[in-house]
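S.K.: Okay, here's the structure, questions in a sec.
The values are calculated or read from the model by the stated rules, or taken from the named source; none is laboratory data. A quick note: this is a predicted structure, and the numbers were derived from the prediction, not measured. We place every Cβ from the backbone using ideal geometry, glycine too, and count neighbours over all the protein chains shown. Side chains included, ligands, DNA and RNA excluded: accessible areas come from the protein's heavy atoms. Shrake-Rupley method; radii C 1.70, N 1.55, O 1.52, S 1.80 Å.
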Amino acid sequence: MLARLDARELAGTDLAHLWAILQEDLADPEAARRRKLEAELGFDPEECQAEMLNAALQWKEQIGDLALSELAPAVSSSGHSADLATLGELADADGIIGSPTIRPDDINHLKQGAPWERAVHDARALRRRIGNVANPMPSRELHELLGLSSDGLGNWSPPVGRSPAAVAIPTHRDHLKFVPRKRNVVGQRFELARFLGEYLRPSDEVERWLASTDLSTSRQKYQRAFAAELLCPLDSLLSFLDGDLSSYAIEEAAANFDVSEQVVTNLLLNNGVIHHHWAQHLPYQMAA
(Lines give C-alpha, C1' and ligand atoms only; values in the text may rest on other atoms or scores of the structure.)
Protein backbone atom coordinates (compact mmCIF):
# COMPACT_ATOMS: atom_id res chain seq x y z
CA MET A 1 0.00 0.00 0.00
CA LEU A 2 2.81 2.43 0.88
CA ALA A 3 4.56 1.66 -2.41
CA ARG A 4 1.37 2.40 -4.35
CA LEU A 5 0.92 5.67 -2.50
CA ASP A 6 4.53 6.64 -3.24
CA ALA A 7 4.00 5.78 -6.91
CA ARG A 8 1.11 8.24 -6.97
CA GLU A 9 3.28 10.86 -5.27
CA LEU A 10 1.25 10.60 -2.04
CA ALA A 11 4.15 10.05 0.34
CA GLY A 12 4.09 11.32 3.92
CA THR A 13 0.62 10.01 4.75
CA ASP A 14 -0.55 9.15 8.27
CA LEU A 15 -0.21 5.51 7.33
CA ALA A 16 3.44 5.99 6.39
CA HIS A 17 4.08 7.85 9.64
CA LEU A 18 2.47 5.13 11.77
CA TRP A 19 4.31 2.41 9.85
CA ALA A 20 7.63 4.13 10.47
CA ILE A 21 6.91 4.30 14.21
CA LEU A 22 5.93 0.63 14.25
CA GLN A 23 9.08 -0.38 12.40
CA GLU A 24 11.18 1.61 14.85
CA ASP A 25 9.55 -0.12 17.83
CA LEU A 26 9.90 -3.58 16.28
CA ALA A 27 13.62 -2.97 15.72
CA ASP A 28 14.09 -2.36 19.45
CA PRO A 29 13.36 -5.53 21.50
CA GLU A 30 12.81 -3.55 24.70
CA ALA A 31 10.39 -1.15 23.01
CA ALA A 32 8.54 -4.04 21.36
CA ARG A 33 8.18 -5.76 24.73
CA ARG A 34 6.75 -2.61 26.31
CA ARG A 35 4.33 -1.95 23.44
CA LYS A 36 3.03 -5.51 23.62
CA LEU A 37 2.54 -5.28 27.36
CA GLU A 38 0.78 -1.91 27.05
CA ALA A 39 -1.70 -3.47 24.64
CA GLU A 40 -2.27 -6.45 26.94
CA LEU A 41 -3.01 -4.03 29.78
CA GLY A 42 -5.56 -2.25 27.58
CA PHE A 43 -3.59 0.90 26.71
CA ASP A 44 -2.65 2.55 23.44
CA PRO A 45 1.10 3.07 22.80
CA GLU A 46 2.78 5.35 25.35
CA GLU A 47 -0.47 5.88 27.27
CA CYS A 48 0.29 3.46 30.11
CA GLN A 49 1.80 5.10 33.19
CA ALA A 50 5.49 4.28 33.62
CA GLU A 51 5.02 2.99 37.17
CA MET A 52 2.27 0.64 36.07
CA LEU A 53 4.26 -0.63 33.09
CA ASN A 54 7.39 -1.19 35.19
CA ALA A 55 5.36 -3.14 37.74
CA ALA A 56 3.98 -5.35 34.97
CA LEU A 57 7.50 -5.94 33.62
CA GLN A 58 8.61 -7.08 37.07
CA TRP A 59 5.74 -9.57 37.15
CA LYS A 60 6.83 -10.80 33.75
CA GLU A 61 10.17 -11.86 35.18
CA GLN A 62 8.44 -13.73 37.99
CA ILE A 63 5.56 -15.51 36.29
CA GLY A 64 6.78 -15.89 32.71
CA ASP A 65 6.00 -14.19 29.42
CA LEU A 66 3.29 -16.62 28.36
CA ALA A 67 1.40 -16.47 31.65
CA LEU A 68 1.54 -12.68 31.78
CA SER A 69 0.15 -12.47 28.25
CA GLU A 70 -2.88 -14.39 29.54
CA LEU A 71 -3.22 -12.75 32.95
CA ALA A 72 -2.63 -9.08 32.09
CA PRO A 73 -5.63 -8.72 29.74
CA ALA A 74 -7.77 -10.91 32.01
CA VAL A 75 -7.06 -8.68 35.01
CA SER A 76 -7.36 -5.36 33.16
CA SER A 77 -10.56 -6.30 31.32
CA SER A 78 -12.26 -7.53 34.49
CA GLY A 79 -12.32 -4.10 36.08
CA HIS A 80 -9.42 -4.78 38.43
CA SER A 81 -6.56 -2.31 38.67
CA ALA A 82 -4.23 -2.42 35.68
CA ASP A 83 -1.25 -2.30 38.06
CA LEU A 84 -1.79 -6.06 38.40
CA ALA A 85 -2.07 -5.97 42.19
CA THR A 86 -4.43 -8.92 41.74
CA LEU A 87 -1.42 -11.05 40.80
CA GLY A 88 0.10 -10.32 44.18
CA GLU A 89 -3.12 -11.44 45.85
CA LEU A 90 -3.05 -14.68 43.88
CA ALA A 91 0.62 -15.24 44.71
CA ASP A 92 -0.11 -14.81 48.44
CA ALA A 93 -3.37 -16.76 48.45
CA ASP A 94 -3.70 -20.08 50.19
CA GLY A 95 -3.70 -22.90 47.69
CA ILE A 96 -3.40 -26.65 47.37
CA ILE A 97 0.05 -28.10 46.77
CA GLY A 98 0.32 -30.79 44.14
CA SER A 99 3.03 -32.57 42.19
CA PRO A 100 1.72 -33.88 38.83
CA THR A 101 2.39 -37.56 38.23
CA ILE A 102 2.38 -37.16 34.44
CA ARG A 103 4.88 -35.15 32.38
CA PRO A 104 4.48 -33.29 29.07
CA ASP A 105 6.80 -35.70 27.29
CA ASP A 106 4.83 -38.72 28.52
CA ILE A 107 2.38 -38.30 25.66
CA ASN A 108 2.79 -37.64 21.94
CA HIS A 109 1.64 -34.15 21.03
CA LEU A 110 0.08 -33.01 17.79
CA LYS A 111 2.45 -30.32 16.54
CA GLN A 112 0.13 -28.71 13.98
CA GLY A 113 -3.53 -27.83 13.73
CA ALA A 114 -5.96 -25.50 15.46
CA PRO A 115 -5.75 -25.23 19.27
CA TRP A 116 -8.84 -27.39 19.79
CA GLU A 117 -7.56 -30.05 17.38
CA ARG A 118 -4.28 -30.32 19.26
CA ALA A 119 -6.17 -30.31 22.56
CA VAL A 120 -8.47 -33.18 21.58
CA HIS A 121 -5.49 -35.19 20.32
CA ASP A 122 -3.57 -34.62 23.58
CA ALA A 123 -6.55 -35.47 25.78
CA ARG A 124 -7.08 -38.75 23.91
CA ALA A 125 -3.35 -39.50 24.13
CA LEU A 126 -3.46 -38.98 27.89
CA ARG A 127 -6.48 -41.25 28.26
CA ARG A 128 -4.66 -43.97 26.34
CA ARG A 129 -1.63 -43.45 28.57
CA ILE A 130 -3.59 -43.97 31.78
CA GLY A 131 -5.61 -46.86 30.35
CA ASN A 132 -9.02 -45.20 30.41
CA VAL A 133 -10.05 -44.50 26.85
CA ALA A 134 -13.81 -44.16 27.12
CA ASN A 135 -15.13 -44.41 30.68
CA PRO A 136 -16.03 -41.40 32.85
CA MET A 137 -13.04 -40.08 34.78
CA PRO A 138 -13.47 -40.20 38.56
CA SER A 139 -12.45 -37.07 40.44
CA ARG A 140 -9.88 -39.03 42.42
CA GLU A 141 -8.13 -40.10 39.20
CA LEU A 142 -8.05 -36.50 37.98
CA HIS A 143 -6.66 -35.37 41.34
CA GLU A 144 -3.97 -38.06 41.25
CA LEU A 145 -2.79 -36.91 37.82
CA LEU A 146 -2.18 -33.47 39.33
CA GLY A 147 -0.72 -34.92 42.53
CA LEU A 148 -3.51 -33.39 44.61
CA SER A 149 -5.18 -34.74 47.72
CA SER A 150 -8.91 -35.30 47.23
CA ASP A 151 -9.46 -34.70 50.94
CA GLY A 152 -7.42 -31.51 50.80
CA LEU A 153 -9.48 -30.23 47.87
CA GLY A 154 -12.70 -31.07 49.67
CA ASN A 155 -11.67 -28.99 52.67
CA TRP A 156 -10.29 -26.06 50.68
CA SER A 157 -12.22 -22.86 49.98
CA PRO A 158 -11.38 -20.40 47.17
CA PRO A 159 -10.37 -16.84 48.09
CA VAL A 160 -13.22 -14.46 48.87
CA GLY A 161 -14.54 -12.56 45.87
CA ARG A 162 -14.53 -13.31 42.16
CA SER A 163 -11.07 -13.69 40.70
CA PRO A 164 -10.39 -12.95 37.00
CA ALA A 165 -8.17 -16.03 36.80
CA ALA A 166 -7.17 -19.31 38.38
CA VAL A 167 -3.45 -20.00 38.62
CA ALA A 168 -0.98 -22.72 39.48
CA ILE A 169 2.33 -21.39 40.81
CA PRO A 170 5.63 -23.31 40.86
CA THR A 171 6.94 -23.66 44.42
CA HIS A 172 9.87 -26.09 44.60
CA ARG A 173 11.07 -28.92 42.42
CA ASP A 174 8.03 -30.29 40.57
CA HIS A 175 5.45 -28.92 42.99
CA LEU A 176 2.75 -26.40 42.13
CA LYS A 177 0.46 -24.33 44.33
CA PHE A 178 -2.98 -24.49 42.75
CA VAL A 179 -5.32 -21.55 43.37
CA PRO A 180 -8.62 -22.48 41.65
CA ARG A 181 -11.59 -20.15 41.61
CA LYS A 182 -14.54 -22.49 41.04
CA ARG A 183 -16.57 -23.30 44.14
CA ASN A 184 -18.87 -26.05 42.88
CA VAL A 185 -17.52 -29.56 42.41
CA VAL A 186 -18.41 -29.87 38.72
CA GLY A 187 -16.89 -26.50 37.87
CA GLN A 188 -13.76 -27.29 39.85
CA ARG A 189 -13.32 -30.61 38.01
CA PHE A 190 -13.36 -28.78 34.69
CA GLU A 191 -10.95 -26.14 35.98
CA LEU A 192 -8.50 -28.77 37.23
CA ALA A 193 -8.70 -30.54 33.87
CA ARG A 194 -7.84 -27.21 32.22
CA PHE A 195 -4.80 -26.93 34.51
CA LEU A 196 -3.73 -30.42 33.50
CA GLY A 197 -3.96 -29.53 29.82
CA GLU A 198 -1.97 -26.35 30.32
CA TYR A 199 0.66 -28.23 32.31
CA LEU A 200 1.06 -30.86 29.58
CA ARG A 201 1.44 -28.31 26.80
CA PRO A 202 5.08 -28.26 25.66
CA SER A 203 6.80 -25.01 26.63
CA ASP A 204 10.29 -23.55 26.60
CA GLU A 205 9.60 -21.82 29.93
CA VAL A 206 10.69 -24.11 32.76
CA GLU A 207 9.41 -22.11 35.73
CA ARG A 208 6.09 -20.57 34.76
CA TRP A 209 2.67 -19.92 36.18
CA LEU A 210 -0.25 -21.79 34.69
CA ALA A 211 -3.17 -19.45 34.02
CA SER A 212 -6.81 -20.25 33.37
CA THR A 213 -9.07 -17.32 32.41
CA ASP A 214 -12.32 -16.51 30.60
CA LEU A 215 -10.52 -15.02 27.59
CA SER A 216 -10.73 -16.50 24.10
CA THR A 217 -7.00 -16.72 23.44
CA SER A 218 -5.41 -19.71 21.73
CA ARG A 219 -4.19 -21.12 25.05
CA GLN A 220 -7.58 -20.80 26.73
CA LYS A 221 -9.31 -22.46 23.76
CA TYR A 222 -6.82 -25.30 24.03
CA GLN A 223 -7.52 -25.67 27.75
CA ARG A 224 -11.30 -25.80 27.34
CA ALA A 225 -11.16 -28.29 24.47
CA PHE A 226 -8.68 -30.47 26.37
CA ALA A 227 -10.80 -30.48 29.53
CA ALA A 228 -14.00 -31.25 27.63
CA GLU A 229 -12.51 -34.20 25.76
CA LEU A 230 -10.70 -35.49 28.84
CA LEU A 231 -13.78 -35.47 31.08
CA CYS A 232 -16.41 -36.20 28.44
CA PRO A 233 -14.94 -37.97 25.37
CA LEU A 234 -17.03 -37.19 22.32
CA ASP A 235 -17.32 -40.80 21.14
CA SER A 236 -18.40 -41.93 24.60
CA LEU A 237 -20.89 -39.07 24.81
CA LEU A 238 -22.48 -39.94 21.47
CA SER A 239 -22.67 -43.59 22.50
CA PHE A 240 -24.36 -42.63 25.76
CA LEU A 241 -26.89 -40.35 24.04
CA ASP A 242 -27.60 -42.98 21.37
CA GLY A 243 -29.26 -40.42 19.11
CA ASP A 244 -31.39 -38.85 21.85
CA LEU A 245 -30.63 -35.12 21.90
CA SER A 246 -33.43 -34.09 24.23
CA SER A 247 -32.73 -31.81 27.18
CA TYR A 248 -33.37 -34.75 29.51
CA ALA A 249 -30.77 -36.91 27.73
CA ILE A 250 -28.24 -34.06 27.87
CA GLU A 251 -28.92 -33.65 31.57
CA GLU A 252 -28.33 -37.37 32.13
CA ALA A 253 -25.13 -37.31 30.09
CA ALA A 254 -23.81 -34.39 32.14
CA ALA A 255 -24.48 -36.32 35.34
CA ASN A 256 -22.87 -39.48 33.93
CA PHE A 257 -19.62 -37.73 32.99
CA ASP A 258 -19.76 -35.34 35.97
CA VAL A 259 -19.60 -32.19 33.85
CA SER A 260 -21.97 -29.28 33.36
CA GLU A 261 -24.78 -29.43 30.83
CA GLN A 262 -23.11 -26.55 29.01
CA VAL A 263 -19.99 -28.70 28.45
CA VAL A 264 -22.14 -31.40 26.86
CA THR A 265 -24.04 -28.89 24.74
CA ASN A 266 -20.84 -27.16 23.60
CA LEU A 267 -19.31 -30.49 22.61
CA LEU A 268 -22.35 -31.28 20.48
CA LEU A 269 -22.36 -27.79 18.98
CA ASN A 270 -18.64 -27.67 18.24
CA ASN A 271 -18.74 -31.05 16.53
CA GLY A 272 -21.78 -30.30 14.38
CA VAL A 273 -24.11 -32.75 16.11
CA ILE A 274 -26.51 -29.93 16.93
CA HIS A 275 -26.64 -26.33 15.72
CA HIS A 276 -27.16 -23.00 17.45
CA HIS A 277 -30.71 -22.58 16.19
CA TRP A 278 -31.48 -26.00 17.72
CA ALA A 279 -30.03 -25.07 21.09
CA GLN A 280 -32.01 -21.81 21.18
CA HIS A 281 -35.26 -23.78 21.14
CA LEU A 282 -34.49 -25.88 24.20
CA PRO A 283 -37.19 -25.61 26.91
CA TYR A 284 -34.77 -23.82 29.26
CA GLN A 285 -31.42 -22.04 29.13
CA MET A 286 -28.39 -24.25 29.74
CA ALA A 287 -26.50 -23.39 32.91
CA ALA A 288 -22.74 -22.90 32.98
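S.K.: Kindly indicate whether any position in the range 172-180 is part of a loop (DSSP other than H, G, I, E, B), closer than 23 Å to ARG124 by Cα and modelled with pLDDT under 95.
M.R.: To start, the set of residues in the range 172-180 that are part of a loop (DSSP other than H, G, I, E, B) comprises 172-175, 180.
Those left that are additionally closer than 23 Å to ARG124 by Cα: none.
The answer is no, given that none of the residues of the range 172-180 is part of a loop (DSSP other than H, G, I, E, B), closer than 23 Å to ARG124 by Cα and modelled with pLDDT under 95.
S.K.: Might you let me know whether the range 19-27 holds any residue that is of a type in the set (Asp, Glu), farther than 30 Å from GLU198 by Cα, open to solvent by less than 70 Å² (accessible area, probe 1.4 Å) and touching a helix residue (DSSP H, G or I) at 6+ places or on another chain (Cβ under 9 Å)?
M.R.: yes
S.K.: Looking only at residues that are touching an Asp or Glu at 6+ places or on another chain (Cβ under 9 Å) and of a type in the set (S, T, N, Q) in the range 195-214, which one is surrounded by the fewest Cβ atoms within 10 Å (Cβ to Cβ)?
M.R.: THR213
S.K.: Could you give every pair whose Cβ atoms fall below 7 Å, whose first residue belongs to the range 32-49 and is within 17 Å of LEU84 (Cβ to Cβ) and touching a residue at least 40 places away in the same chain (Cβ under 8 Å), and whose second residue is in a helix (DSSP H, G or I) and open to solvent by 60 Å² or more (accessible area, probe 1.4 Å), counting only separations of at least 6 or pairs across chains?
M.R.: GLY42/SER77
S.K.: Which condition from (1) open to solvent by 70 Å² or more (accessible area, probe 1.4 Å); (2) on the phi < 0 side of the Ramachandran plot; (3) among the charged types (D, E, K, R) is the one that ASP242 breaks?
M.R.: For ASP242, the failing item is (2).
S.K.: Name the one entry in VAL186, VAL179 that is of a type in the set (A, V, I, L, M) and open to solvent by less than 10 Å² (accessible area, probe 1.4 Å).
M.R.: VAL179
S.K.: Moving to a separate point now. Quick check on my filter: what residues within the range 124-171 are over 15 Å from ARG183 (Cα atoms), outside any helix (DSSP H, G or I) and under 21 Å from the mean Cα position of the chain (by Cα)?
M.R.: Residues satisfying the conditions are MET137, LEU146, GLY147, LEU148, ALA168, ILE169, PRO170, THR171.
S.K.: Could you list all residues from the range 39-65 that are touching a Lys or Arg at 6+ places or on another chain (Cβ under 9 Å) and either at positive phi or open to solvent by 70 Å² or more (accessible area, probe 1.4 Å) (or both)?
M.R.: If the condition is that a residue be touching a Lys or Arg at 6+ places or on another chain (Cβ under 9 Å) and either at positive phi or open to solvent by 70 Å² or more (accessible area, probe 1.4 Å) (or both), then PRO45, GLU46, GLY64 are the ones that fit.
S.K.: Sticking with this one: Quick check, is SER216 modelled with pLDDT of 90 or more and of a type in the set (Ser, Thr, Tyr)?
M.R.: On the way: modelled with pLDDT of 90 or more: yes; of a type in the set (Ser, Thr, Tyr): yes.
Spelling it out, SER216 is indeed modelled with pLDDT of 90 or more and of a type in the set (Ser, Thr, Tyr).
S.K.: From the residues in the range 26-45 that are of a type in the set (A, V, I, L, M, F, W, C) and part of a loop (DSSP other than H, G, I, E, B), which one is farthest from SER69 (Cα to Cα)? Can you show your working first?
M.R.: So the first thing to find is which residues in the range 26-45 are of a type in the set (A, V, I, L, M, F, W, C), and the list is 26-27, 31-32, 37, 39, 41, 43.
Still in the running and part of a loop (DSSP other than H, G, I, E, B): 41, 43.
Values: LEU41: 9, PHE43: 14 Å.
This residue is PHE43.
S.K.: Could you figure out which of (1) at pLDDT below 85; (2) under 25 Å from the mean Cα position of the chain (by Cα) isn't true of ILE63?
M.R.: It fails just one condition, (1).
S.K.: Do you know which residues across the range 159-176 are within 14 Å of SER99 (Cα to Cα) and surrounded by 19 or more Cβ atoms within 10 Å (Cβ to Cβ)?
M.R.: Residues satisfying the conditions are ALA168, ILE169, LEU176.
S.K.: Could you list, in sequence order, all residues of the range 195-223 that are assigned to a helix (DSSP H, G or I) and touching a residue at least 40 places away in the same chain (Cβ under 8 Å)? Lay out the reasoning, then the answer.
M.R.: First, the residues of the range 195-223 that are assigned to a helix (DSSP H, G or I): 195-200, 218-223.
Selection gives PHE195, LEU196, GLY197, TYR199, LEU200, SER218, ARG219, GLN220, LYS221, TYR222, GLN223.
S.K.: Considering each of SER260, SER236 in turn, give the residue that is open to solvent by 10 Å² or more (accessible area, probe 1.4 Å) and closer than 11 Å to PHE190 by Cα.
M.R.: SER260
S.K.: Select from the range 66-108 the residues that are surrounded by 15 or more Cβ atoms within 10 Å (Cβ to Cβ) and of a type in the set (Asp, Glu) and write down the one among them that is farthest from PHE178 (Cα to Cα).
M.R.: ASP83
S.K.: Then there is this: Within the bounds of the range 147-158, is there any residue that is under 15 Å from LEU71 (Cβ atoms) and crowded, with 22+ Cβ neighbours inside 10 Å?
M.R.: no
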